[in-house]
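The values are calculated or read from the model by the stated rules, or taken from the named source; none is laboratory data. Keep in mind the model is a prediction, meaning the values are calculated, not measured. Glycine gets a Cβ as well: all are built from the backbone with ideal geometry, and neighbour counts include every protein chain shown.
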(Lines give C-alpha, C1' and ligand atoms only; values in the text may rest on other atoms or scores of the structure.)
Protein backbone atom coordinates (compact mmCIF):
# COMPACT_ATOMS: atom_id res chain seq x y z
CA UNK A 1 0.00 0.00 0.00
CA UNK A 2 1.17 3.48 -0.82
CA UNK A 3 -0.08 6.34 1.33
CA UNK A 4 -0.06 9.76 -0.31
CA UNK A 5 -0.26 12.73 2.02
CA UNK A 6 -1.11 15.87 0.09
CA UNK A 7 -1.32 19.52 0.98
CA UNK A 8 -3.84 21.96 -0.41
CA UNK A 9 -7.50 21.51 -1.14
CA UNK A 10 -8.95 18.23 -2.33
CA UNK A 11 -9.44 18.87 -6.02
CA UNK A 12 -12.70 18.24 -7.77
CA UNK A 13 -13.54 17.16 -11.26
CA UNK A 14 -10.84 16.36 -13.74
CA UNK A 15 -8.00 15.76 -11.23
CA UNK A 16 -9.95 13.27 -9.16
CA UNK A 17 -11.29 11.61 -12.30
CA UNK A 18 -7.83 11.28 -13.89
CA UNK A 19 -6.23 9.94 -10.69
CA UNK A 20 -9.11 7.50 -10.21
CA UNK A 21 -8.56 6.13 -13.73
CA UNK A 22 -5.02 5.05 -12.83
CA UNK A 23 -5.91 3.96 -9.31
CA UNK A 24 -8.62 1.53 -10.40
CA UNK A 25 -6.01 -0.43 -12.38
CA UNK A 26 -3.59 -0.83 -9.48
CA UNK A 27 -3.12 -3.97 -7.42
CA UNK A 28 -1.16 -4.74 -4.26
CA UNK A 29 1.32 -3.50 -3.23
CA UNK A 30 0.75 -0.46 -5.47
CA UNK A 31 -2.72 0.40 -4.15
CA UNK A 32 -3.07 4.03 -3.07
CA UNK A 33 -4.68 5.67 -0.06
CA UNK A 34 -4.91 9.45 0.23
CA UNK A 35 -4.85 11.91 3.12
CA UNK A 36 -5.51 15.59 2.39
CA UNK A 37 -4.58 18.46 4.70
CA UNK A 38 -4.72 22.22 4.51
CA UNK A 39 -1.17 23.50 4.28
CA UNK A 40 -0.85 24.67 7.88
CA UNK A 41 -2.24 21.38 9.21
CA UNK A 42 0.10 19.43 6.93
CA UNK A 43 3.10 21.35 8.27
CA UNK A 44 2.05 20.48 11.85
CA UNK A 45 1.49 16.81 10.97
CA UNK A 46 4.92 16.53 9.35
CA UNK A 47 6.62 18.36 12.22
CA UNK A 48 5.50 15.44 14.41
CA UNK A 49 6.15 12.72 11.80
CA UNK A 50 8.35 10.01 13.33
CA UNK A 51 10.65 9.40 10.31
CA UNK A 52 11.58 6.24 12.20
CA UNK A 53 12.62 3.93 9.37
CA UNK A 54 9.42 1.89 9.17
CA UNK A 55 8.27 4.01 6.25
CA UNK A 56 10.05 4.77 3.01
CA UNK A 57 9.20 8.45 2.75
CA UNK A 58 9.31 10.17 -0.64
CA UNK A 59 9.07 13.95 -0.55
CA UNK A 60 8.04 15.59 -3.84
CA UNK A 61 10.03 18.80 -4.15
CA UNK A 62 11.56 20.64 -7.11
CA UNK A 63 14.89 20.72 -5.24
CA UNK A 64 15.08 16.93 -5.24
CA UNK A 65 16.62 14.35 -7.53
CA UNK A 66 15.27 13.90 -11.03
CA UNK A 67 15.11 10.19 -11.93
CA UNK A 68 13.65 8.06 -14.72
CA UNK A 69 10.44 6.07 -14.47
CA UNK A 70 12.35 2.73 -14.31
CA UNK A 71 14.48 4.14 -11.48
CA UNK A 72 11.33 5.23 -9.62
CA UNK A 73 9.85 1.77 -10.17
CA UNK A 74 12.98 0.16 -8.74
CA UNK A 75 12.92 2.40 -5.66
CA UNK A 76 9.29 1.51 -4.94
CA UNK A 77 9.96 -2.18 -5.50
CA UNK A 78 13.00 -2.11 -3.21
CA UNK A 79 10.94 -0.48 -0.46
CA UNK A 80 8.27 -3.18 -0.79
CA UNK A 81 10.90 -5.96 -0.78
CA UNK A 82 12.39 -4.43 2.39
CA UNK A 83 8.95 -4.54 4.01
CA UNK A 84 8.61 -0.77 4.19
CA UNK A 85 5.42 1.25 4.02
CA UNK A 86 5.69 3.78 1.20
CA UNK A 87 4.57 7.31 2.02
CA UNK A 88 4.63 10.02 -0.64
CA UNK A 89 4.40 13.65 0.44
CA UNK A 90 3.00 16.29 -1.90
CA UNK A 91 3.18 19.81 -0.55
CA UNK A 92 0.89 22.72 -1.06
CA UNK A 93 1.83 26.06 -2.57
CA UNK A 94 4.82 26.60 -0.27
CA UNK A 95 6.28 23.10 -0.36
CA UNK A 96 8.13 21.62 2.61
CA UNK A 97 10.58 22.91 5.14
CA UNK A 98 14.16 21.70 5.18
CA UNK A 99 13.53 19.30 8.06
CA UNK A 100 11.01 17.30 6.02
CA UNK A 101 13.35 17.13 3.02
CA UNK A 102 16.30 16.17 5.22
CA UNK A 103 14.42 13.38 7.02
CA UNK A 104 12.79 11.86 3.93
CA UNK A 105 14.38 8.79 2.39
CA UNK A 106 14.14 10.29 -1.07
CA UNK A 107 13.42 13.80 -2.33
CA UNK A 108 11.93 13.49 -5.79
CA UNK A 109 11.78 16.21 -8.40
CA UNK A 110 9.60 15.68 -11.45
CA UNK A 111 11.62 18.35 -13.28
CA UNK A 112 13.03 21.80 -12.67
CA UNK A 113 9.54 23.14 -13.33
CA UNK A 114 7.19 23.84 -10.43
CA UNK A 115 3.72 22.30 -10.72
CA UNK A 116 0.48 23.08 -8.89
CA UNK A 117 -0.35 20.38 -6.35
CA UNK A 118 -3.27 19.18 -8.50
CA UNK A 119 -0.92 18.36 -11.37
CA UNK A 120 1.61 16.85 -8.93
CA UNK A 121 -1.09 14.48 -7.66
CA UNK A 122 -1.82 13.32 -11.17
CA UNK A 123 1.88 12.88 -12.01
CA UNK A 124 2.47 10.84 -8.86
CA UNK A 125 -0.55 8.63 -9.53
CA UNK A 126 0.45 7.99 -13.14
CA UNK A 127 4.05 7.24 -12.14
CA UNK A 128 2.90 4.72 -9.53
CA UNK A 129 0.81 3.03 -12.21
CA UNK A 130 3.77 3.13 -14.60
CA UNK A 131 6.04 1.66 -11.89
CA UNK A 132 3.61 -1.24 -11.41
CA UNK A 133 3.54 -1.85 -15.16
CA UNK A 134 7.35 -1.78 -15.37
CA UNK A 135 7.57 -4.36 -12.57
CA UNK A 136 4.94 -6.50 -14.32
CA UNK A 137 6.82 -6.30 -17.63
CA UNK A 138 3.87 -4.96 -19.60
CA UNK A 139 4.36 -2.80 -22.72
CA UNK A 140 2.81 0.30 -21.07
CA UNK A 141 6.28 1.76 -20.51
CA UNK A 142 8.55 1.53 -23.51
CA UNK A 143 11.96 3.02 -24.13
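Restricting to the stretch 94-104, what's the tally of residues that are surrounded by fewer than 18 Cβ atoms within 10 Å (Cβ to Cβ) and assigned to a helix (DSSP H, G or I)? Step through it out loud before you land on a result.
In the first step, residues of the stretch 94-104 are kept if they are surrounded by fewer than 18 Cβ atoms within 10 Å (Cβ to Cβ); the result is 94, 97-99, 101-103.
Now narrow it down to the ones that are assigned to a helix (DSSP H, G or I): 98-99, 101-103.
The number of residues fulfilling the criteria is 5.
Have a look at 9, 28 and point out the one that is out of contact with any helix residue (DSSP H, G or I) (no Cβ under 8 Å at 6 or more places or on another chain), over 29 Å from residue 138 (Cα atoms) and modelled with pLDDT under 95. Steps first, please.
Values: 28 fails: over 29 Å from residue 138 (Cα atoms).
After applying the criteria, what remains is 9.
Scan (1) closer than 22 Å to residue 135 by Cα; (2) modelled with pLDDT of 95 or more; (3) not in a helix (DSSP H, G or I) for the single condition residue 89 breaks and write down its number.
The failed condition is (1).
Kindly provide the set of residues from the stretch 24-50 that are outside any strand (DSSP E or B) and surrounded by 15 or more Cβ atoms within 10 Å (Cβ to Cβ), ordered by number. Show your work before the answer.
Filtering the stretch 24-50 down to residues outside any strand (DSSP E or B) leaves 24-31, 38-50.
Listed by number, the residues that qualify are 26, 29, 30, 39, 42, 43, 46, 49.
If you go through the stretch 105-143 one residue at a time, how many are over 17 Å from residue 74 (Cα atoms) and either in contact with a strand residue (DSSP E or B) (Cβ under 7 Å, 6 or more places away or on another chain) or part of a loop (DSSP other than H, G, I, E, B) (or both)?
Number of matching residues: 9.
In the stretch 75-86, which residues are crowded, with 16+ Cβ neighbours inside 10 Å, out of contact with any helix residue (DSSP H, G or I) (no Cβ under 8 Å at 6 or more places or on another chain) and assigned to a helix (DSSP H, G or I)? Full working, then the answer.
Step one: filter the stretch 75-86 for residues crowded, with 16+ Cβ neighbours inside 10 Å, giving 75-77, 79-80, 84, 86.
Checking the rest, the ones that are also out of contact with any helix residue (DSSP H, G or I) (no Cβ under 8 Å at 6 or more places or on another chain) come to 75, 79-80, 84.
The answer is 75, 79, 80.
Give the number of residues within the stretch 25-35 that are closer than 14 Å to residue 87 by Cβ and free of Cβ contacts under 8 Å to residues at least 60 places away in the same chain.
So the answer is 5.
Going through 67, 2 one at a time, which residue ends up being in contact with a strand residue (DSSP E or B) (Cβ under 8 Å, 6 or more places away or on another chain), at pLDDT 90 or above and surrounded by 17 or more Cβ atoms within 10 Å (Cβ to Cβ)? Break it down into steps so the answer makes sense when it comes.
Values: 67 fails: surrounded by 17 or more Cβ atoms within 10 Å (Cβ to Cβ).
Just a single option satisfies the conditions, and that option is 2.
Among the listed residues 19, 59, which satisfies the condition of being on the phi < 0 side of the Ramachandran plot, buried (at least 19 other Cβ atoms within 10 Å of the Cβ) and in a helix (DSSP H, G or I)? Give the steps one after another, and end with the answer.
Values: 59 fails: in a helix (DSSP H, G or I).
Every option except 19 fails the conditions.
Looking at (1) under 17 Å from residue 2 (Cα atoms); (2) at pLDDT below 95; (3) in contact with a strand residue (DSSP E or B) (Cβ under 8 Å, 6 or more places away or on another chain), can you tell me which one residue 53 breaks?
(3)
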